[in-house]
Structure formats: C-alpha cells, structure tokens
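The next block holds one structure in the form of structure tokens; read it before the comments.
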Amino acid sequence: MGYVLQMKNISKTFGEVAALHDVNFEVGDNEIVGLLGDNGAGKSTLVKIITGYHQPDTGGEVLWKGAPLEHFSVARAHAIGIEVVYQERALADKQSLWRNIFMGRELTTAGGKLDVKRMRAETLKLMHSAMGFTSSAITTESTVKTFSGGERQGVAITRALYFRAELVILDEPTMGLSISETRKALDFVRSIKAAGKSAIFIDHNIFHVYPVADRIVVLDRGTIAGQFMKNELTLQELTDRLYDVAKTGNLKT
C-alpha cells in the first residue's frame with residue numbers, strides 16, 4: 001500500500017505539557033483510518049499538525065505522498081488536498097446550499113464576476129449525484145439551517161470532495177446525531193472511499209468508527225497505544241481491549 005500521509009516520530013510540547021510524544025501515524029491511499037482517543041489524548045494536536053496549524057517539535061518528519069513537507073502551513077495543506085470537516089460543520093446556516101458549497105472558493109466568469117449560474121448548476125448536480133437530495137422540497141436556494149445533522153455533514157463532505165480533497169479529516173462527524181442521522185453520516189464517510197480518497201475519522205465512540213474504518217489507531221495520552229486492521233478483531237474484541245488502554249495505556253495484541 002502506498003501512503004498519502006506519513007508522520008514519523010512526531011512530538012509536540014506546549015510549555016511543560018507534552019501533547020504528543022514520538023507518534024508514528026500514517027494514512028494509506030484510499031484508506032479510512034479511525035482515530036480513537038478520549039479527551040486529552042492528543043487528537044486535536046495531531047490534526048492541527050496535519051493541517052499546518054501547528055509545527056511539530058524538531059526531530060519529527062511529515063511526508064505527503066512520500067515527499068517531506070517543509071515550511072508547512074494551513075494554506076499549503078489546502079493546496080495539496082487536505083480538508084477538515086469539523087464537528088461544528090463550518091457551514092453558514094442562514095446561507096443557501098449553493099453558497100455554502102462554494103463559500104470562499106467562488107467560481108467566477110472570464111470578466112472576474114461571480115458566476116452564480118454555474119455555481120447553482122454545479123450544486124444541482126451534486127445534490128443528485130453525491131448528496132442524495134431528490135426531494136423537490138430541497139433546492140439550491142434552500143438554507144442550510146433547514147437541513148438535518150446528517151444532511152449537513154453530507155454537504156461538508158461533498159464540498160471537500162468537489163474541491164479535490166485527497167485526505168478528508170472528519171472531527172467527530174456523528175456527534176449529537178440521532179441513530180438514523182448517524183447512519184446517513186456514515187454513508188457519506190463511505191462515499192469518500194468510494195471516490196478513491198482517504199480519510200481520518202476522529203472519534204471516541206468505537207461503535208461509530210468501526211463500521212466504516214479500514215484500520216483503527218488508538219491514541220492515549222499523546223502516544224499510540226495500539227493499532228490494527230479492522231478485520232483482525234471483532235467489535236466486541238476491540239471493545240474489550242480498549243479497557244486495557246484506560247488501565248495500562250497499551251492496547252493488548
């Protein structure tokens with residue numbers, strides 16, 4: 001398997017607090033990696049390094065498709081195809097669907113004006129091909145505040161894929177969703193793999209991560225406590241072993 005992202009010996013300290021310590025983490029081509037960990041495990045710090053918001057301490061290395069990332073930044077992360085779908089979903093509730101899809105990356109005409117007609121047409125295509133919006137009750141002019149939680153996640157994920165994201169980072173995408181909406185959100189996660197892209201699914205709920213992940217990594221107190229391919233363990237076996245992390249800091253093999 002080739003790798004889209006590799007992180008080697010990554011550490012990050014804030015004053016006297018070690019948020020990450022010698023972390024080795026990778027994401028393969030067309031792979032969904034479930035990243036599990038309680039609050040304070042270091043998940044947010046890891047994401048901020050991947051997205052260029054934080055720089056790792058000296059001695060670590062981050063590679064993108066095999067090439068070292070030097071002088072990495074948020075802008076550079078966007079440029080190479082790293083997109084984040086935060087749990088807040090980062091959508092403008094009072095704006096229309098088409099405006100949300102193209103917010104910050106609006107299409108323009110040759111004369112430099114907003115190409116509203118094209119953006120509406122592209123959004124209409126995405127509604128049917130990617131978001132599954134077939135009801136006449138939802139149009140390109142519908143405001144996002146009228147959408148359910150699962151539908152909002154679909155909009156955010158579809159937007160990332162439309163702009164050619166190679167790696168989509170999902171920050172607790174099922175948080176606060178009902179059972180039916182969680183299923184819908186997980187279907188959108190599956191659509192990332194179906195599109196041939198990769199994803200990091202961050203959560204503390206194994207029951208949401210397990211159905212869609214190819215590989216699961218457990219982060220505990222700034223270190224990798226364990227990782228395995230999903231087909232190596234049943235959900236019950238994994239659940240049992242996660243208790244070992246809480247007790248010992250290591251996932252038994």
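The values are calculated or read from the model by the stated rules, or taken from the named source; none is laboratory data. These numbers were taken from a predicted model, which means no experiment stands behind them. Cβ placement follows ideal geometry from the backbone for every residue including glycine, while neighbour counts extend to all protein chains displayed.
Scanning the stretch 130-173 for residues that are hydroxyl-bearing (S, T, Y) and in contact with a helix residue (DSSP H, G or I) (Cβ under 9 Å, 6 or more places away or on another chain) yields T134, T139, T140, S142, T143, S148, T158, Y162. Can you tell me which of (1) crowded, with 20+ Cβ neighbours inside 10 Å; (2) in contact with an Asp or Glu (Cβ under 8 Å, 6 or more places away or on another chain) is the one L238 doesn't meet? That leaves (2) as the condition not met. Residues that are in contact (Cβ under 8 Å) with a residue 24 or more places away in the chain and touching a strand residue (DSSP E or B) at 6+ places or on another chain (Cβ under 6 Å) are absent from the stretch 111-133. For the stretch 197-211, a residue qualifies if it is modelled with pLDDT of 95 or more and of a type outside the set (F, W, Y), and the qualifying residues are K197, S198, A199, I200. Of the residues making up the stretch 62-76, those that are over 18 Å from the mean Cα position of the chain (by Cα) and part of a loop (DSSP other than H, G, I, E, B) are G66, L69, E70, H71, F72.
Restricting attention to the stretch 11-36, report how many residues are under 19 Å from S198 (Cβ atoms) and either small (G, A, S) or touching a Pro at 6+ places or on another chain (Cβ under 8 Å) (or both).
2
Within the stretch 172-200, residues that are of a type in the set (S, T, Y) reach partners that are assigned to a strand (DSSP E or B) and surrounded by fewer than 21 Cβ atoms within 10 Å (Cβ to Cβ) with beta carbons closer than 9 Å, at six or more positions or on different chains, in the pairs S198/G28. Among residues of the stretch 212-225 being of a type in the set (G, A, S) and at negative phi, the one that is modelled with the highest pLDDT is A213.
G150 satisfies every condition listed in (1) assigned to a helix (DSSP H, G or I); (2) of a type outside the set (V, I, T); (3) modelled with pLDDT of 95 or more except (3). Candidates in the stretch 241-253 are the residues that are surrounded by 15 or more Cβ atoms within 10 Å (Cβ to Cβ) and assigned to a loop (DSSP other than H, G, I, E, B); of these, the one that is modelled with the highest pLDDT is N250.
Within the stretch 1-39, the set of residues being on the phi > 0 side of the Ramachandran plot and out of contact with any strand residue (DSSP E or B) (no Cβ under 7 Å at 6 or more places or on another chain) comprises G15 only. For the stretch 1-57, which positions are without any contact (Cβ under 8 Å) to a residue 24 or more places away in the chain and either surrounded by 21 or more Cβ atoms within 10 Å (Cβ to Cβ) or assigned to a loop (DSSP other than H, G, I, E, B) (or both)? Within the stretch 1-57, G15, E16, Y53, Q55 meet the criteria. For the stretch 87-102, taking the residues that are in contact with a helix residue (DSSP H, G or I) (Cβ under 8 Å, 6 or more places away or on another chain) and assigned to a loop (DSSP other than H, G, I, E, B), the one that is surrounded by the most Cβ atoms within 10 Å (Cβ to Cβ) is identified as L91. The requirement of being more than 21 Å from the chain's Cα centre (by Cα) and either at pLDDT 95 or above or not aliphatic (A, V, I, L, M) (or both) is satisfied by E106.
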